[in-house]
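Please read the structure below before turning to the comments.
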Amino acid sequence: MDARTEEERFNAIIDDDEKIEPRDWMPEAYRKTVIRQMAQHAHSEVIGMQPEANWIARAPTLLRKAILIAKVQDEAGHGLYLYSATETLGVSRGELQELLHTGKQKYSSIFNYPTLSWADIGAIGWLVDGAAIVNQIVLQGTSYGPYARAMVKICKEESFHARQGYSIMMTLADGSDSQKAMCQDAIDRWWWPSLMMFGPHDSESAHTAESMSWKIKRKTNDELRQMFVDQTVPQARYLGMTIPDPDLEFDEESGHWKIGEIDWEEFWSTIRGDGRLNRERIAHKVKAWEDGAWVREAATAYAVKHGMKLDKSA
Ligand code: BYC
């Protein structure tokens, strides 16, 4: 017989780098933190479909259009895995939607910026998915089992997303002067918001210390941001483009690229809901949810008729 307390067993699983599974005992604060992070992640995947879907009808070739449709569908799938993984902690998908729609849960700051040109689709794939991959590869080692397993599949698809983005940027960078200018303009607008995706500096981060101790997060916000900068600066140079940061320099001693200061006022106002597109993004999402009510009703009616168990709030 295992004489340890539930808390001791939980701590041993964390210490041994094993996974916490849905039926395991866990501290309430751990459960809440995992729900918060996974829900925010799921919401980001779904809201992230909006800026890209804006360009499906205007993609420059049939091939680019087919690729973009596949990518946007992938994001819906990622939202689905992540909502399902979050539901294992006893919260329904319907409740999560309600929390997003009423602004009680967040989604990534990055999706409050507009996609003004085709190059923005390249920049999103390369920079935004690139930043997401850096974060998510590490999250494959997160301590909550369903979250870690969702990340494995998501990371495979994100690699394709980043490549399609970089491929768009390579084509533009190799094109006419106006295509080159379009490519540079997209980098100028997406660079800093991409760095903000990693969250506040560690010294300002409310949750990092606790999440690291529970191995929910495996690297801090600043560590991940630095990994992203180090991998991305050479890629920008290969494109022949400039990173819009006059303070950017390579530090020989540490072997890392050093960046200038992020505009934290812009970051905090965006996550407070005052970014350029927060209201539009949520209004669009709420409308999609309301327009889809008949689908949920039909699915529920089908399930009831066939004796299937279905979460009515989902
Ligand atoms: N945006 O204590 P901190 C994608 C909030 S999309 C908004 O450091 P934490 C994709 C934070 O929630 C990528 N809010 O928090 C999809 C907290 O507020 P609350 C999605 C942010 O959780 C489609 C407060 O600031 N990826 O893949 O320890 C197309 C203090 O922050 C942000 C994920 O969600 C932000 N950028 O660390 C293309 C990854 N940053 O909750 C691509 C999973 C911070 O106390 N999430 N906040 O009210 C994480 O790794 C962590 O949640 C974060 C923040 C690093 C984002």
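Taken over the range 261-290, the criterion of being in a helix (DSSP H, G or I), away from the ligand (no atom under 13 Å from the Cβ) and closer than 18 Å to GLN50 by Cβ is satisfied by ARG279, GLU280, ILE282, ALA283, HIS284, LYS285, VAL286, LYS287, ALA288, TRP289, GLU290.
Within the range 30-45, residues that are over 26 Å from GLN73 (Cβ atoms) sit with their Cβ atoms under 6 Å from residues that are more than 10 Å from the ligand (Cβ to nearest atom) and open to solvent by 30 Å² or more (accessible area, probe 1.4 Å), at 6+ positions apart or across chains, in these pairs: TYR30/TRP214. Taken together, the criteria place ASP247 among residues that are of a type in the set (Asp, Glu), without any contact (Cβ under 8 Å) to a residue 40 or more places away in the chain and either open to solvent by 20 Å² or more (accessible area, probe 1.4 Å) or in a helix (DSSP H, G or I) (or both). Scanning the range 190-235 for residues that are among the acidic types (Asp, Glu) and either at pLDDT below 95 or away from the ligand (no atom under 12 Å from the Cβ) (or both) turns up just one, ASP230.
Going by what's in this entry, would ASP251 be described as at pLDDT 95 or above and under 30 Å from GLU18 (Cβ atoms)? No: the conditions fail for ASP251. Identify all residues within the range 255-276 that are closer than 22 Å to GLN226 by Cα, in contact (Cβ under 8 Å) with a residue 12 or more places away in the chain and of a type in the set (Lys, Arg); write none if there are none. Correct list: empty. Within the span defined as the range 241-256, every residue fails to be within 15 Å of the ligand (Cβ to nearest atom) and either among the β-branched types (Val, Ile, Thr) or in contact with a Pro (Cβ under 8 Å, 6 or more places away or on another chain) (or both). Of the listed requirements (1) surrounded by 16 or more Cβ atoms within 10 Å (Cβ to Cβ); (2) free of Cβ contacts under 8 Å to residues at least 24 places away in the same chain, PRO193 misses just one: (2). Taking the listed residues ALA299, ALA303, ALA293, the one that is surrounded by fewer than 10 Cβ atoms within 10 Å (Cβ to Cβ), out of contact with any Pro (no Cβ under 7 Å at 6 or more places or on another chain) and under 17 Å from GLY94 (Cβ atoms) is ALA293, with no other qualifying.
Residues that are among the polar types (S, T, N, Q) and open to solvent by 40 Å² or more (accessible area, probe 1.4 Å) within the range 47-96 comprise ASN54, THR61, GLN73, SER84, THR88, listed in sequence order.
Do any helices (runs of 4 or more DSSP H) entirely within the range 1-103 hold 1 or more residues that are out of contact with any Ser or Thr (no Cβ under 8 Å at 6 or more places or on another chain) and away from the ligand (no atom under 11 Å from the Cβ), and if so, which?
6-15, 28-47, 62-87, 93-101
The values are calculated or read from the model by the stated rules, or taken from the named source; none is laboratory data. Bear in mind the structure is a predicted one, so any value in this text is a computation, not a measurement. Every residue, glycine among them, receives a Cβ derived from its backbone with ideal geometry; neighbour counts consider all protein chains shown. We work out accessible area using only protein heavy atoms, side chains counted, and drop any ligands, DNA or RNA first. Shrake-Rupley method; radii C 1.70, N 1.55, O 1.52, S 1.80 Å.
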